[in-house]
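The values are calculated or read from the model by the stated rules, or taken from the named source; none is laboratory data. Everything numeric in this text was worked out from a predicted model, so none of it was measured. With ideal geometry, Cβ positions are generated from the backbone for all residues, glycine too; neighbour counts draw on all protein chains shown.
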Amino acid sequence: MQSIRRSPFKATNIVLLIICLMYLITYIDRVNIATAAPPMQKDLALTNTQLGIAISAFAYPYALFQIIGGWLGDRLGPRVTLLICGTIWSVATVLIGFVDGAISLVLARLLLGIGEGTAFPTATRALASWMPADKRGFAQGITHSFSRFGNAVSPAIIAALIGWLTWRGSSSCRRSCARRKRKASGSSPRAITLQWATTATTVPTAASGDRCRKRICAGRRS
């Protein structure tokens, strides 16, 4: 019998790559304010208290929408839920570049927390559907590694963008850079969202040829 040649570009690997890039981008988006804080505080005339509230505003909806996002992921499926929350956090990131004071900054950070809080439990739900059982530990490990790498590279990236485009431009730059780099990497919030929408399904399809898909189909027939 002729052996089947496995392609590294099978659907499960593509989905894992998209989720890894999503984790990377979300962590850059959430911590960039730490690097941008000094010029942002000066430009917006924020007190230390106002800046602290704006920074922490992300965490409250983020904590709440971990629960809500997991519930939505189970009800709507990972594809639809991640498409929605990816759009929300992309819009929130761009809006931060247009804030004009403490209130608008807090509102943008709240919106960012809603989008990113929903993303992570839903991404875990997607991995449970797409990855075979003997690779789920590796999938969780590599996605979390990408998120910590996002933390590590964010200060250097944001500092360079602030020096080039000011802090407002550093927040909006990822959208314009996405248009230039999409063909090369697609690694921007909007590009990741669009790639997810066109690649992932709630349950792996027959085209993936993955063992996980076979198990799910077998379970449904029984």
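From the list Thr124, Thr118, which residue is among the hydroxyl-bearing types (Ser, Thr, Tyr), touching a residue at least 12 places away in the same chain (Cβ under 8 Å) and touching a Phe, Trp or Tyr at 6+ places or on another chain (Cβ under 7 Å)?
Of the residues listed, the single one that is among the hydroxyl-bearing types (Ser, Thr, Tyr), touching a residue at least 12 places away in the same chain (Cβ under 8 Å) and touching a Phe, Trp or Tyr at 6+ places or on another chain (Cβ under 7 Å) is Thr118.
What is the number of the single condition among (1) more than 14 Å from Leu105 (Cβ to Cβ); (2) crowded, with 19+ Cβ neighbours inside 10 Å; (3) modelled with pLDDT of 90 or more that Val15 does not meet?
Unmet for Val15, out of (1) more than 14 Å from Leu105 (Cβ to Cβ); (2) crowded, with 19+ Cβ neighbours inside 10 Å; (3) modelled with pLDDT of 90 or more: (3).
Test of understanding: among Ala63, Ala123, Ala57, Ala102, which residue is under 20 Å from Asn151 (Cα atoms) and in contact with a Ser or Thr (Cβ under 9 Å, 6 or more places away or on another chain)?
Checking each option against the conditions leaves just Ala123.
Select from the stretch 44-62 the residues that are of a type in the set (A, V, I, L, M, F, W, C), crowded, with 19+ Cβ neighbours inside 10 Å and in a helix (DSSP H, G or I) and list them in ascending order.
Ala54, Ala57
Is it the case that Thr122 is within 26 Å of Arg168 (Cα to Cα) and modelled with pLDDT under 95?
Values: within 26 Å of Arg168 (Cα to Cα): no; modelled with pLDDT under 95: yes.
Judged against the criteria, Thr122 is not a match.
Of the residues in the stretch 63-117, how many are surrounded by fewer than 18 Cβ atoms within 10 Å (Cβ to Cβ) and not in a helix (DSSP H, G or I)?
Matching residues across the stretch 63-117 total 3.
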